[in-house]
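Since the structure comes first, as structure tokens, the remarks are kept for the end.
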Amino acid sequence: MKQLLAIISFCIFAGIGAFAQQPSDIKTKLESGNKQLSNKQYADALNTFTEILKTSPANEDALSGAVVAYSKLDRLKEAQEVVDNAIKTKPNDANLLIISGKVYGLRYLYDMAVKEFEKALPLASDSLKSSIYSNISSMKNQQDDLENAKADARKAIALNDKNESAYVNLGYAQYQLKEYSDALDSYSMAININPSNPEAYFSRGMAYLKANDKRNGCADFQRACKLGNKNGCIQYGAECAK
């Protein structure tokens, strides 16, 4: 049950920048680029966001959109170059460092990702620090550094007890450590915060199975499937549709 890094990673690309405060010409281009992303016109979206970055290389909304497009086009190394260029213009911007860490994470360069997140920590507000610790926890989970992943997830929760991703990361580490009761509690907290999180339902369903509670596990797989989680559909068919 390897955590879906991409799902967690892309969460930061919504709402980092102050979109509404953009100049009207840039706002129009951003709206066009986001529409192209929604329509899966990734090459066109990349061109739109790149046009903004030529004159405003540290524009966080354009940068985030470009990274999503690069990712969809399987060109993450180029995305890293664009992010590095943005950081050169604003080396002490926590948001840019977070984006950089996310891209390293998507490239499976987890140590590099953690270093970028750690650079961002002293520059960030407490609310942003919660997100950063959650991201670090995610990277530690990918490295199977589970005890430290738990510790960082708890730091995130201490700063913001509504941090859904932190509870998911904590639950994942607990599950891998066979702490199934604790994992159930963590995934349930994530679901309480966001009852429409299909990955949390799937993960909790797996923890229920390990806790020998097939009835609740199957109910969670069914919820996950209805919310679009394919693994939930597969697991429901394998374990429950008998």
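Where a number appears in this text, it was derived from the coordinates with a stated rule and is not lab data. Predicted, not measured: the structure shown is a model, and the values here were computed from it. Methodologically, a virtual Cβ is constructed for each residue, glycine included, from the backbone with ideal geometry; neighbour enumeration extends over all protein chains shown.
With neighbours defined as other Cβ atoms within 10 Å of a residue's Cβ, the residues Leu97, Leu170, Leu109, Leu73 order from fewest to most as Leu73, Leu109, Leu97, Leu170.
For the chain, the relative contact order is 11 percent, taking Cα pairs closer than 8 Å that sit 6 or more residues apart in sequence and dividing their mean separation by the residue count.
Using only the Cα atoms, work out Rg/Rh for segment 106-242, with Rh taken as the Kirkwood radius, to two decimals.
Working: Rg = 15.4 Å, Rh = 15.2 Å.
Using Cα coordinates only, the ratio equals 1.02.
If a spin label sat at a point 7 angstrom from the Cα of Thr89 along the line to its beta carbon, the backbone N atoms of segment 53-82 nearer than 11 Å would be those of 53-63.
Between Thr50 and Asp144, the C-beta separation translates, for a Förster distance of 51 Å, into a calculated FRET efficiency of about 0.90. Structure note, pairs Lys140/Lys226; Lys90/Lys129; Lys54/Lys155; Lys102/Lys214; Lys35/Lys129: Cα-Cα distances above 27 angstrom occur for Lys140/Lys226; Lys54/Lys155; Lys102/Lys214; Lys35/Lys129.
The label point for Lys40 and the one for Ser24, both projected 7 Å from the Cα toward the Cβ, are 3.6 nm apart.
Tell me what the chain gives for mean residue ellipticity at 222 nm when only DSSP H runs of n ≥ 4 count, each as -39,500 (n - 2.57), the sum divided by the residue total, rounded to 500 deg cm²/dmol.
Numbers: 14 runs with 179 residues, N = 242.
Computed mean residue ellipticity for the chain: -23500 deg cm²/dmol.
Taking neighbour counts of Cβ atoms within 10 Å as a proxy for exposure, in what order, fewest first, do Met139, Met112, Met206, Met189 appear? Could you put the intermediate results ahead of the total?
On the way: Met139 28, Met112 17, Met206 24, Met189 20.
Sorted ascending by nearby Cβ count, the order is Met112, Met189, Met206, Met139.
Note on Val83, Val68, Val168: ascending count of other Cβ atoms within 10 Å places them as Val68, Val83, Val168, the fewest first. Given labels modelled 7 Å from the Cα in the Cβ direction, how far is it in nm from Ile234 to Glu78? For the pair Ile234/Glu78, the computed spacing is 3.0 nm. Taking the centroid of alpha carbons for each part, segment 101-124 and segment 184-242 are 30 Å apart.
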